[in-house]
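Heads up: the structure comes next, in structure tokens.
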Amino acid sequence: MASTTVDTVIAAPRATVYRLFADRESIDPFLAVHVTLVKPGTTEREGVGAQHKIGLGPVGVVEEITALVPNERVEYKIVKGAPVKSHTGVITFADADNGTRVSYTMTSDPSLPVPAKVLEIGLRGLINQFISAARKAVD
């Protein structure tokens, strides 16, 4: 199992930054891959239970939102499309002097033998793509 966390500040109000990560489709124009809602949440379109395909064409993973605390926390897990026993993401938001502090953690337990350090580098790269997209969205 591997886990990595990226902490950063995005120069925008917390509600704006939270919305970019909670409404997964909103960040789509700023990513190299596409984010598409494939199943709405149980009580809201982008709420808990919502599933999003992240990828290109037929290739990609499906994430499911497992917890939302407005303007504070987003949690998800991969439910399809990746060679993992489990993969979760937790994104927290807090006020910072110049915007919003984002702490993004991914934890993955691959079903293939991958050294933890290699997996951590890959997870960090994925996190940085989403953070970069959020920065572009607020510019």
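The values are calculated or read from the model by the stated rules, or taken from the named source; none is laboratory data. Because the structure is a prediction, the values reported are computed rather than measured. Cβ atoms come from the backbone with ideal geometry, glycine included; neighbour counts cover every protein chain shown.
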Note on segment 27-42: residues loosely packed, with under 15 Cβ neighbours inside 10 Å and out of contact with any strand residue (DSSP E or B) (no Cβ under 9 Å at 6 or more places or on another chain) are PRO29, THR42
Tell me, please, whether a residue that is out of contact with any Phe, Trp or Tyr (no Cβ under 9 Å at 6 or more places or on another chain), over 14 Å from ILE131 (Cβ atoms) and not basic (Lys, Arg) can be found in segment 7-14. yes
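Could you list, in sequence order, all residues of segment 43-60 that are charged (D, E, K, R) and either surrounded by fewer than 10 Cβ atoms within 10 Å (Cβ to Cβ) or within 20 Å of ARG73 (Cα to Cα) (or both)? So that I can check it myself, show each step before the final result.
At the first step, the residues of segment 43-60 found to be charged (D, E, K, R) are 44-46, 53.
Scanning segment 43-60 gives GLU44, ARG45, GLU46.
Would you check if ALA82 is surrounded by 19 or more Cβ atoms within 10 Å (Cβ to Cβ) and closer than 16 Å to VAL35 by Cβ?
So ALA82 fails the test.
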Those residues that are among the small types (Gly, Ala, Ser) and either touching a strand residue (DSSP E or B) at 6+ places or on another chain (Cβ under 9 Å) or touching a residue at least 60 places away in the same chain (Cβ under 8 Å) (or both), I need them from segment 93-131; list them, please. ALA94, ALA96, GLY99, SER103, SER108, SER111, ALA116, GLY122
Within the bounds of segment 42-59, is there any residue that is closer than 22 Å to ASP28 by Cα, in contact (Cβ under 8 Å) with a residue 40 or more places away in the chain and not small (Gly, Ala, Ser)? no
Unmet criterion (only one of (1) in contact with a His (Cβ under 7 Å, 6 or more places away or on another chain); (2) among the charged types (D, E, K, R); (3) farther than 28 Å from ALA96 by Cβ) for LYS39: (1)
Filter pass, PRO110 being over 25 Å from VAL69 (Cα atoms), modelled with pLDDT under 90 and surrounded by 17 or more Cβ atoms within 10 Å (Cβ to Cβ): yes
